[in-house]
Every structure is written in C-alpha cells, then in structure tokens.
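The values are calculated or read from the model by the stated rules, or taken from the named source; none is laboratory data. Being a predicted model, the structure only gives us computed values, none of them experimental. All Cβ positions, even for glycine, are placed from backbone atoms using ideal geometry, and neighbour counts span all protein chains on display. These area figures cover heavy atoms from the full protein model, side chains too; ligands, DNA and RNA do not enter into them. Shrake-Rupley method; radii C 1.70, N 1.55, O 1.52, S 1.80 Å.
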Amino acid sequence: MPNKIKMDLSLYFTYLMISILASASLGPSVLLAASNSINFGRKMALVGVFGHVGAILTLAIISASSLGFILMSSKFTYLIIKYLGASYLIFLGIKLWRNKGVFRLAKHNNITPSSINLFSNSFILGLSNPKALLFFTALFPQFIHADQALFPQFTLLISTSLINAFIFTSFYVLIAYKCKGFLLKQANGQLISRITGSFFIGFAGSLIFSN
C-alpha cells in the first residue's frame, strides 16, 4: 500500500535515541533557555523554549521539503546523501568528544524582556545555526522509504524531534532554575560531551551497515 509507513519499530527506536541525544546536548539554544530561566524565571524561559521549538520546526520543514524532491527523483542521490549523512554524524560525534564542555550563563539582568523578545531571540538563534539544518538533512534519509508516501514519514520524524526538543529544553530550564550553582559546577566537565559523542559515532556506524 503506497500510503503505509514502513518504518519498523527498531528503526524508529534508533531515530528516537538519536533525537533524544541531540535534544539533550548542551547547545547554544539550551544555554539561552537556561540563562533565561535563571535571569527571568521559568515561565518567561518557556516562551523562549517555544521559540527554539519553532526554529527546529522551520529547519525540519526546509530540510524535508528539499529532500522530498531528491528522494523521489534519484535513488543514487539518495544513497549519496545517506552515506554523507552518516559521515556527518561521525564528524559531529568527534566534535562533541573534543568539546571542552564549557557551560556559561549570562549575568543577572534586572530588566525583564517582553515575551515577544524572548521568543524571537530563541527563534533567531535556532535559525542562525546551520548545523541544525545539516543535522536534519543528514538524518532524514536514514529513516525514509523513498518508495512510500513521504509526508506521513516526515510528519512522524519531525513530531518526534519537536517533542524531544520541548521536553529536554524545558527540563534544562527547570534544572537551571532549581540548581544554579550545582549545574554550573557539574556541566564544566568533558564527560557529558564525550558520552554523547560516542553514541553519535556508534549510531553512525550502525546506519552505515544497515540496509
């Protein structure tokens, strides 16, 4: 049936785990959300979280739209993107492994910005990071069946990423608000970055040798 999603549970679980690791990584958007939480409170920080999620949705749609035409037009191009994508995941894992893991928050600001400013700042920060677009472009071909309806497949994958982004960024907002001093001390180490990087490299290896 052409409209049926042929994504088995194990393949979706792999995507889910990669999405969770990506969402849990300490990137610029997470740092901004934590800073907003400490400086302006949890409720105001959540406005920025929605801006972050909106940026992810925008980048994912851009990636899915362009890949849709590619997947439908050329299987050879699809295979090239697949292996380039796996290579990018390895590159990302190595970069995370070498990251010093420095976690710095902005100084306290007594002037509370408007909700629009918090949303737009997080949204623009998310869009200004080309790595997010490359990440989706690298990831989607690994889990899409080119001979099946693309829209429901992309909808499932994008929805998964959006939910994870919201949950984990909101979690960091809560942690930053409740455990300011502890978080600043613990997040300076390299252990978190190296563990995450190792998982990315491992997933890339499994995708390279998968059908």
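Here is a yes/no grid of residues against (1) at pLDDT below 75; (2) in contact with a Gly (Cβ under 9 Å, 6 or more places away or on another chain); (3) open to solvent by 60 Å² or more (accessible area, probe 1.4 Å); (4) assigned to a loop (DSSP other than H, G, I, E, B):
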residue: Ala86; (1), (2), (3), (4): no, yes, no, no
residue: Leu105; (1), (2), (3), (4): yes, no, no, yes
residue: Thr112; (1), (2), (3), (4): yes, yes, yes, yes
residue: Ile116; (1), (2), (3), (4): no, no, yes, no
Restricting the first residue to segment 111-128 and requiring it to be closer than 14 Å to Phe40 by Cα, which pairs with a second residue that is open to solvent by 80 Å² or more (accessible area, probe 1.4 Å) meet a Cβ separation below 7 Å and a spacing of at least six or different chains?
Phe119/Phe50
Write out, first by first residue and then by second, each pair whose Cβ atoms fall under 7 Å of each other, whose residues are 6+ apart or on separate chains, and whose first residue, in segment 11-29, is of a type outside the set (Asp, Glu) while the second is not in a helix (DSSP H, G or I).
Leu11/Phe143; Tyr15/Phe143; Leu26/Phe103; Leu26/Ala187; Pro28/Asn129
Which residues, counting only those in segment 36-51, are at pLDDT 80 or above and either crowded, with 24+ Cβ neighbours inside 10 Å or among the polar types (S, T, N, Q) (or both)?
Asn36, Ser37, Ala45, Gly48, Val49, Gly51
Can you tell me which residues in segment 118-164 are of a type in the set (Val, Ile, Thr) and modelled with pLDDT of 85 or more?
Ile124, Thr155, Ile158, Thr160, Ile163
Among the residues listed as Leu71, Leu59, the single one being at pLDDT below 80 and assigned to a helix (DSSP H, G or I)
Leu71
Residue pairs qualifying under the 8 Å Cβ cut-off, at least six apart or on distinct chains, with the first in segment 153-171 being open to solvent by 30 Å² or more (accessible area, probe 1.4 Å) and the second being of a type in the set (Ser, Thr, Tyr), are Leu156/Tyr12; Ile167/Ser23; Phe168/Ser23
Please work out if Phe182 is modelled with pLDDT of 80 or more and either open to solvent by less than 50 Å² (accessible area, probe 1.4 Å) or assigned to a helix (DSSP H, G or I) (or both).
no
If I go through segment 10-56 residue by residue, how many of them are within 27 Å of Ile201 (Cα to Cα) and assigned to a loop (DSSP other than H, G, I, E, B)?
3
